[in-house]
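What follows is a single structure, written as structure tokens, with notes after it.
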Amino acid sequence: MKILIAPNSFKESLNSIEVTKHISKGLRKASKKYIVIGVPLADGGVGTMKIITDLFNGEYIRCKVGGPFGEPIHAEYGIIPRQRVGVLELAQVAGLHLVPKKSRNPLISTTSGVGQLLLDALEHGYRKFILGIGDSATIDCGVGALNELGIRFLDKKGGRIELNCRGLLQLNTIDMSELDPRAAIMKITIASDVKNILTGRNGAIVYAKQKGAREKDRPVIRRSLKQFKKIIYQQFDRDIDKITGSGAAGGIGGAFVTLLSSQIVSGSGLIQEMVRLEEEIATSDLVITGEGRVDEQSFYGKTLKRVIDIAYIHKKPVILIAGSIAQGTKLKKEYGIMAHYSLSRISGSRKQAFEKAGELLEKIAYRIGQEIRQRMK
């Protein structure tokens, strides 16, 4: 029996590569006869860089950069020498998992580290990049990153603004005159996990709460995003809200498209094409997938839904493993899932599910493996 493991990351707990390893270990404990194939997935967030870099036998470069609040941290990015492509991940330097929940504050977090990673890759001679922007702790419209590349964001007096969401309130002029010549010619494909535009009810503000915004912060964030949109329109005659995904990762997607001529693509679609997901599913007997939190939103074009849809087309049974499953989420009848498991339910709490995710995944996979053996007898 060929079992395909194709999960997304369990965000803020394990990336999809780690999830795949734990499930594989549990299945192999149950039986050495299983042909276990791991195809970890990502949507532009945590794990994206490693999946792509490893897939093409790339290498890693480690460097010291600024973290979500400018603090010094060590981060890495991938390079694929044969194709001359650099693979970067915003979450490496400005990800939610880097900031404890009590310390999250999207008014002052910054993407400066992203620009520093790009500069380092430019120094190494790279001009083509894939940049995953999911799982961000920021809503700075990318000004932190773009400042590192030489773009200046100025207030009415010609002084530099704070390179964060709060600073955007003072934005009056975007000065492109000092843009690094190497950055001016680089090509960036942005792998995004969402399609939200920058402003409005369904804009970047949708993700403000999970990034630590309090209710009193929301009006400030809305005004900041509108101010950035206004200046972009005034100077570059472009409505940033007409760019699908312009609000991704707190606006960095739209900023890179308008100021650096980057391209936004579906992160999950990009990865799925690279790993040949449909081919792997079509030649498997069973598919195991999952992600950290499953709710009704999980079935609207996200990575998880894509796996389930492909399996349904090829008439392959699916087992779903999640960190937690929201109450009332419909799974079996509508989506053809033969069985589902929740780490939170099995462990008794979300805290235990986070802390012992690897151990729990192995136990669940072992149980699945044993049940399959019983059915095959």
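The values are calculated or read from the model by the stated rules, or taken from the named source; none is laboratory data. The structure displayed is predicted, hence computed values, not measured ones. A quick note on method: Cβ atoms are made from the backbone with ideal geometry, for glycine too, and the neighbour counts reach across all protein chains shown.
For the range 146-178, a residue qualifies if it is of a type in the set (K, R) and either surrounded by fewer than 16 Cβ atoms within 10 Å (Cβ to Cβ) or assigned to a loop (DSSP other than H, G, I, E, B) (or both), and the qualifying residues are K156, K157, R160.
Would it be correct to say that I321 is closer than 15 Å to V287 by Cα, touching a residue at least 40 places away in the same chain (Cβ under 8 Å) and outside any helix (DSSP H, G or I)? So I321 passes the test. Scanning the range 108-125 for residues that are touching a residue at least 60 places away in the same chain (Cβ under 8 Å) and buried (at least 23 other Cβ atoms within 10 Å of the Cβ) yields S109, T111, V114, L118, A121. Y312 passes every criterion in (1) among the hydroxyl-bearing types (S, T, Y); (2) assigned to a helix (DSSP H, G or I); (3) out of contact with any Ser or Thr (no Cβ under 7 Å at 6 or more places or on another chain); (4) buried (at least 17 other Cβ atoms within 10 Å of the Cβ) apart from (4). Yes or no: the range 274-297 includes at least one residue that is assigned by TED's automatic domain parsing to the domain that holds K29, modelled with pLDDT under 90, under 24 Å from the mean Cα position of the chain (by Cα) and of a type outside the set (D, E, K, R). Among the residues of the range 274-297, at least one is assigned by TED's automatic domain parsing to the domain that holds K29, modelled with pLDDT under 90, under 24 Å from the mean Cα position of the chain (by Cα) and of a type outside the set (D, E, K, R), which makes the answer yes.
Considering each of A30, A121 in turn, give the residue that is assigned by TED's automatic domain parsing to the domain that holds I161 and among the small types (G, A, S). Criteria check complete, one pass: A121. Screening the range 1-77 for strands (runs of 3 or more DSSP E) wholly inside it with 1 or more residues that are more than 20 Å from R276 (Cβ to Cβ) and of a type outside the set (A, V, I, L, M, F, W, C) returns the ranges 59-66. Just one of the listed residues (I221, I271, I197, I205) is in a helix (DSSP H, G or I) and touching an Asp or Glu at 6+ places or on another chain (Cβ under 8 Å), namely I271. Looking at Y335, Y366, Y341, just one residue is crowded, with 18+ Cβ neighbours inside 10 Å and in contact with a Lys or Arg (Cβ under 6 Å, 6 or more places away or on another chain), and that residue is Y366. In the range 186-204, of all residues being crowded, with 21+ Cβ neighbours inside 10 Å and farther than 30 Å from V85 by Cα, the one that is modelled with the highest pLDDT corresponds to T199. Does the range 66-78 contain at least one residue that is more than 21 Å from D140 (Cβ to Cβ) and not charged (D, E, K, R)? Within the range 66-78 (the criterion being more than 21 Å from D140 (Cβ to Cβ) and not charged (D, E, K, R)), the answer is yes, since at least one residue qualifies.
Just the residues that are under 25 Å from V206 (Cβ atoms) and among the aliphatic types (A, V, I, L, M), please, taken from the range 93-129. Within the range 93-129, V93, A94, L96, L98, V99, L107, I108, V114 qualify.
When Q92 is tested against (1) in a strand (DSSP E or B); (2) closer than 17 Å to A249 by Cβ; (3) not hydroxyl-bearing (S, T, Y), only condition (1) is not met.
Selection of the range 169-224 for residues being closer than 19 Å to K102 by Cα, acidic (D, E) and touching a residue at least 24 places away in the same chain (Cβ under 8 Å) yields only D217. Looking at this structure, is G150 of a type outside the set (K, R), over 18 Å from A249 (Cβ atoms) and in contact (Cβ under 8 Å) with a residue 24 or more places away in the chain? Yes; evaluated as a whole, the condition is true for this residue.
For (1) within 18 Å of the chain's Cα centre (by Cα); (2) among the basic types (K, R); (3) more than 25 Å from P181 (Cβ to Cβ); (4) surrounded by fewer than 23 Cβ atoms within 10 Å (Cβ to Cβ), each residue gets a yes or a no:
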| residue | (1), (2), (3), (4) |
| --- | --- |
| I231 | no, no, no, yes |
| Q234 | no, no, yes, yes |
| D239 | no, no, yes, yes |
| G247 | yes, no, yes, no |
| Q263 | yes, no, no, yes |
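Among all positions in the range 257-279, there is no residue which is of a type in the set (D, E, K, R) and in contact (Cβ under 8 Å) with a residue 40 or more places away in the chain.
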